[in-house]
Amino acid sequence: MQRSFIDSYRISRRTFAAAAAAAAAFGSSLFAAPSRAAEPEKRDVTIAVGGKNLYYYLPMALADWMGFYKEEGLDVRVVDFQGGSKSLQAVVGGSADVVSGAFEHTLSMQQKRQPMRAFVLQGRAPQCVFAVSRKAMPNFARVEELKGRRIGVTAPGSSSHVIANYVLARAGIKPNEVAVIGIGSGAGAVAAVRAGQVDAFVGLDPVISQLEGEEAIRIVTDTRDVKASDALFGGPMVAGCLYAPQRFLDQHPETCRRLARAVVRAERLIAQADPDEIMKHVPKAAFLGNPELYRTGLIKNRPALSADGRFPEGCAEISAAALASVNPALADFRFNFETVFTNAFVDAAKA
């Protein structure tokens with residue numbers, strides 16, 4: 001029987017681990033025994049996320065579904081919220097340890113004097129799609145026509161809200177010149193668009209692929225395409241990541257290293273495995289009743305997902321510019337870009 005990529009990957013890891021242990025026992029120089037790894041400072045970790053079934057957070061979610069956190073000696077509980085702003089509130093309020101959320105939140109929280117730091121990247125581009133409802137605006141021609149209209153986002157204050165404001169701002173529309181409505185990121189968003197409750201919205205797959213297949217929307221801006229995203233923002237507008245309060249990283253470095261390693265393992269699988277193999281580990285609820293649709297969305301979004309968990313140089317500056325374009329209060333704020341992300345945990349995990 002031919003093994004799947006994922007099965008072969010697991011077997012190769014087990015085989016290497018067994019060989020290394022045996023060689024170490026016999027004092028072999030070929031597989032020299034590594035120094036004893038530090039124990040995780042905190043084994044029970046709660047991750048807050050705004051839409052676990054989204055491709056935006058697939059590396060974090062797949063690491064959970066495939067048991068990678070457990071293999072790292074961690075007992076991770078993923079709690080789902082409606083939108084990234086709600087998951088951020090959970091960590092600020094102390095009911096969660098880590099956020100699986102949008103990178104730009106680390107910048108907005110610095111302005112609020114509540115330092116957060118991202119430590120493993122999930123998305124190279126936002127993967128958000130700005131689309132117009134064909135039902136609400138059948139004759140849509142220009143973004144300028146959206147002034148005074150209803151704009152749907154996953155949740156007010158979320159990354160989709162920032163993208164919406166950014167696209168509108170480029171057309172000369174101010175945030176207070178539209179009505180922003182939270183419609184979620186799943187079946188509720190699909191229902192809202194079908195019912196004509198919003199005129200335009202920013203969403204993610206599989207919602208976008210489903211509505212696109214129904215010819216219910218007209219796509220205006222698509223950041224699932226990394227090149228298109230880089231062109232829109234003038235550089236790498238990174239997206240989903242794991243971030244946490246700086247004090248959590250300071251107090252739990254080994255825990256964070258193991259979290260990073262689990263996510264990077266998932267990223268490598270996503271980049272290399274056949275979509276059908278990946279889908280075997282995805283809950284059916286994520287398919288929205290249509291596995292083929294989910295597969296299509298996975299193929300469209302996979303190029304925008306990170307394959308190594310590292311943050312590219314200049315990403316913080318690009319995100320700050322996008323935030324400042326929709327929030328004038330941030331335009332003059334002097335960010336410390338070096339403190340909003342780190343590649344140290346990912347690099348240490350690889351080592």
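Just so it is clear, none of the values below were taken in a lab; they were calculated from the coordinates. Computed from a predicted model, the values in this text were never measured in an experiment. As a convention, Cβ positions derive from the backbone with ideal geometry for all residues, glycine included, and neighbour counts pool all protein chains shown.
Taking the centroid of alpha carbons for each part, the stretch 309-351 and the stretch 69-107 are 18 Å apart. Ranked by the mean number of other Cβ atoms within 10 Å per residue, highest first, peptides 215-224, 91-100 order as 91-100, 215-224.
Every Cα-Cα pair in the stretch 129-222 was counted, and those over 22 Å apart are 14% of them. Think of the stretch 129-222 as having a plus end and a minus end, set by charges on the Cβ of Lys, Arg, Asp and Glu; of Ala136, Ile173, Val207, Ile173 sits farthest toward the positive end of this dipole. In the structure shown, the pairs Lys135/Lys284; Lys52/Lys86; Lys86/Lys112 are assessed against 22 Å; a Cα-Cα span above that value is assigned to Lys135/Lys284. Given their separation in residues at 0.36 nm each and the Cα-Cα distance between them, Ala228 and Ala171 gain 18.8 nm when the chain is fully extended. Averaged over residues, the count of other Cβ atoms within 10 Å places the peptides 55-65, 180-190, 69-79 in the sequence 55-65, 180-190, 69-79, highest first. Each Lys and Arg Cβ is given +1 and each Asp and Glu Cβ -1; about its Cα centre, the stretch 129-222 then shows a dipole of about 280 debye. For the stretch 259-351, just say rounded, prolate or oblate: build the C-alpha gyration tensor, square-root its eigenvalues into a ≥ b ≥ c, call rounded for a/c under 1.5, and beyond that prolate if a/b exceeds b/c, oblate if not. Since a/c reaches 1.5 but b/c is at least a/b, the shape of the stretch 259-351 is classed as oblate. Using the rule -39500 (n - 2.57) for each DSSP H run of four or more residues, divided by the residues of the chain, the 222 nm mean residue ellipticity is -12000 deg cm²/dmol. To the nearest ten degrees, helix 315-326 and the longest principal axis of the Cα atoms of the chain are 20 degrees apart. Among residues other than Val178 with Cβ under 13 Å from its Cβ, the summed charge is 0 (Lys and Arg +1, Asp and Glu -1). Peptides 101-114, 225-238 ranked from most to least packed give 101-114, 225-238, packing being the mean of other C-beta atoms within 10 angstrom over each peptide's residues. When Rg and the Kirkwood radius Rh are both evaluated on Cα atoms of the chain, their ratio Rg/Rh stands at 1.00. If only the Cβ of Lys and Arg carry +1 and only the Cβ of Asp and Glu carry -1, the dipole of the chain around its Cα centre is close to 220 debye. Is the shape of the stretch 230-306 best called rounded, prolate or oblate, per the rule: a/c under 1.5 gives rounded, else a/b larger than b/c gives prolate, else oblate, with a ≥ b ≥ c the square roots of the Cα gyration tensor eigenvalues? Taking the square roots of the gyration eigenvalues as a ≥ b ≥ c, the stretch 230-306 is oblate.
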